[in-house]
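Structure record follows, encoded as structure tokens.
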Amino acid sequence: MALNRFDGVKVLLTGAGSGIGRATALRLVSEGATVFAVDLAKDGLAETAGSATGPGGIVTHAADVSDEPAVVEAVRAAAAELGGIDVLVNVAGVHKATPIDTLTVEDLQRLFSVNLVGTALFCREALRHLPDGTGVIVNVASSAAAHGNPYMTAYSASKGAVLAFSLSLAAEVVGRGIRVVPVSPGTVRTPLTSNPDVLPRDLDLSYYGRIRSPLGAASPEQIAGVIAFAASRDGGYLTGAEIRVDGGSHT
Ligand code: NAD
């Protein structure tokens, strides 16, 4: 039976041009949401919009989530286009595996600018529009926030920051009846994990073989399903608690 938990719901979603963000956009549209889809990649956004089917709709908007004026404009445009914002989902993110001896300030700044600052700016701006009592924010962190992974010091720290930010924000806005839910995937089959620029193949990756889930890597759709649950009325009593979706990799 098709779910229709997002009939009439206005969703602002970042990272919609690929991977988990695209799967989430498609899932929410299939359940009736109107999605204002943001990404740096115009081609990716066009592909997402072209794949969307269902009772909902999708509007695309190219922006860099780490650029403050661009975020202010994206949220303003989303609220104007949709007639408000009910749900914010922050998925946009970058990754780069780097051994500690070659870690640069530029790597650290880029990972924190996109992963933490982008998420924080969208939360700040969207909270001016989210309705008291029903507003929801879902922020995608990572299981790397809680578990050590070689070459991921900078990425893990940036995702730990997203997780900590989300827990404190949840406490700050719970009085308004707004929920904030961090979702932390394990390994997901997306361009982020298959790109050799992100995960150079000359690194010794044997550690990752030892923590691989018996369930294998997740599909983007499996993560999208959990994000949709957290953002829906089915997740209505969830806030300030991380949902880890890692196929038991760390059990
Ligand atoms: P992906 O590379 O397929 O998608 C990331 C999207 O973010 C891309 O469309 C990209 O264009 C967009 N993006 C990057 N920088 C941006 C910027 N500055 N402004 C706007 N958009 C930008 O990767 P994915 O695997 O779908 O990752 C989505 C999220 O899930 C990320 O936050 C990632 O850290 C997180 N995550 C992924 C995995 C995994 O194994 N794939 C695991 C845990 C967490």
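The values are calculated or read from the model by the stated rules, or taken from the named source; none is laboratory data. Just so it is clear, the model here is predicted, and its values are computed rather than measured. Neighbour counts are summed over all protein chains in view; Cβ atoms, including those assigned to glycine, are modelled from backbone coordinates with ideal geometry. Calculation scope for accessible area: heavy atoms of the full protein, side chains included, ligands and nucleic acids excluded. Shrake-Rupley method; radii C 1.70, N 1.55, O 1.52, S 1.80 Å.
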Task: Output for region 215-244, where each listed residue is over 18 Å from V11 (Cβ atoms), touching a strand residue (DSSP E or B) at 6+ places or on another chain (Cβ under 9 Å) and not aliphatic (A, V, I, L, M) - done: S219, Q222, Y237, G240, E242, R244
- [ ] Give the residue, chosen from R179, R124, that is surrounded by 14 or more Cβ atoms within 10 Å (Cβ to Cβ), without any contact (Cβ under 8 Å) to a residue 12 or more places away in the chain and under 27 Å from G236 (Cα atoms).
- [x] R124
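Out of all the residues in region 38-60, which are open to solvent by less than 60 Å² (accessible area, probe 1.4 Å) and closer than 26 Å to Q109 by Cβ?
Once the filter is applied, which keeps residues that are open to solvent by less than 60 Å² (accessible area, probe 1.4 Å) and closer than 26 Å to Q109 by Cβ, region 38-60 yields V38, D39, A41, G44, L45.
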Task: Residues satisfying the stated conditions in region 173-198, i.e. more than 8 Å from the ligand (Cβ to nearest atom) and either within 13 Å of the chain's Cα centre (by Cα) or of a type in the set (D, E) (or both) - done: V180, V181, P182, V183, D197
TODO: Could you tell me which numbered condition P150 fails, if it satisfies all but one of (1) at pLDDT below 95; (2) within 9 Å of the ligand (Cβ to nearest atom)?
DONE: (2)
- [ ] Give L192, L205, L199, L215 a once-over and let me know the one that is among the aliphatic types (A, V, I, L, M), free of Cβ contacts under 8 Å to residues at least 12 places away in the same chain and more than 17 Å from L28 (Cβ to Cβ).
- [x] L205
Open item on the list: Cβ-Cβ under 7 Å, sequence separation 6+ or interchain: first residue in region 23-44 and among the aromatic types (F, W, Y), partner more than 9 Å from the ligand (Cβ to nearest atom) and open to solvent by 30 Å² or more (accessible area, probe 1.4 Å). Which pairs?
Closed with: F36/V59; F36/H61; F36/E81
Open item on the list: Looking at (1) over 24 Å from R189 (Cα atoms); (2) near the ligand (Cβ under 9 Å from one of its atoms); (3) among the hydrophobic types (A, V, I, L, M, F, W, C); (4) open to solvent by 40 Å² or more (accessible area, probe 1.4 Å), which one does A63 not meet, given that it meets all the others?
Closed with: (4)
TODO: Would you point out the residue of region 67-85, among those that are open to solvent by 40 Å² or more (accessible area, probe 1.4 Å) and outside any helix (DSSP H, G or I), that is farthest from L121 (Cα to Cα)?
DONE: G83
Task: Residue list for region 11-35, restricted to those being part of a loop (DSSP other than H, G, I, E, B) and near the ligand (Cβ under 9 Å from one of its atoms) - done: G15, A16, G17, S18
Task: Total residues in region 153-172, condition open to solvent by 10 Å² or more (accessible area, probe 1.4 Å) and more than 16 Å from the ligand (Cβ to nearest atom) - done: 5
- [ ] Among the residues of region 127-152, write down those that are closer than 22 Å to T102 by Cβ and crowded, with 22+ Cβ neighbours inside 10 Å.
- [x] S142, A144
Open item on the list: Looking only at region 40-60, count every residue that is within 11 Å of the ligand (Cβ to nearest atom), more than 17 Å from L82 (Cβ to Cβ) and not in a loop (DSSP other than H, G, I, E, B) and tell me the total.
Closed with: 4
Open item on the list: With the requirement that a residue be out of contact with any Gly (no Cβ under 9 Å at 6 or more places or on another chain) and of a type in the set (S, T, Y), what does region 169-192 give you?
Closed with: S184
Open item on the list: Just to confirm my filter: which helices (runs of 4 or more DSSP H) fall fully inside region 182-251 and include at least 1 residues that are surrounded by fewer than 18 Cβ atoms within 10 Å (Cβ to Cβ) and at pLDDT below 95?
Closed with: 191-194, 206-210
Open item on the list: Where the second residue is surrounded by fewer than 17 Cβ atoms within 10 Å (Cβ to Cβ) and the first is in contact (Cβ under 8 Å) with a residue 60 or more places away in the chain and lies in region 46-64, which pairs have Cβ atoms under 8 Å and are six or more apart or on separate chains?
Closed with: none
